[in-house]
1. Anything in segment 59-74 that is under 11 Å from V29 (Cα atoms) and part of a strand (DSSP E or B)? List them, or say none.
2. Kindly indicate whether any position in segment 19-34 is of a type in the set (D, E, K, R), at pLDDT below 90 and either in a helix (DSSP H, G or I) or on the phi < 0 side of the Ramachandran plot (or both).
3. Within segment 42-51, how many residues are surrounded by 10 or more Cβ atoms within 10 Å (Cβ to Cβ) and either modelled with pLDDT under 90 or part of a loop (DSSP other than H, G, I, E, B) (or both)?
4. Given the condition of a type outside the set (V, I, T), exposed (fewer than 11 other Cβ atoms within 10 Å of the Cβ) and touching a strand residue (DSSP E or B) at 6+ places or on another chain (Cβ under 7 Å), answer yes or no: does some residue in segment 58-76 qualify?
Amino acid sequence: MELENLAQRGIHRGRRLNMQRNKVHAVTVIAAVAQELGVDEDLLHEISIGLDTEDGVIWVYGIGEDAIMAFTEDGVEELKNLLEMRRENPGLFE
């Protein structure tokens, strides 16, 4: 009970508790997602325009100016939904 009260106040043995802020533990780059889903990478770029971090999209930066679009598990699910919408309505993303 005492530990629970300390946790609610964010204090544990004189230190602040480290609270997890992000539950993302892995991402998959767009080329790998395209291969997994059996679609063209350019198509994924096209349908993912407008997606944001909240949708499961992140940008991974390396050395230099190049960045790679990557997706969390939720982002891959969002892409699957968008692909299904595109199959049902081919002109949707044009």
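The values are calculated or read from the model by the stated rules, or taken from the named source; none is laboratory data. Every value quoted in this text rests on a predicted model; they were computed, and no experiment measured them. Neighbour counts are summed over all protein chains in view; Cβ atoms, including those assigned to glycine, are modelled from backbone coordinates with ideal geometry.
1. Within segment 59-74, W59, V60, A67, I68, M69, A70, F71 meet the criteria.
2. Within segment 19-34, one or more residues are of a type in the set (D, E, K, R), at pLDDT below 90 and either in a helix (DSSP H, G or I) or on the phi < 0 side of the Ramachandran plot (or both).
3. 1
4. yes
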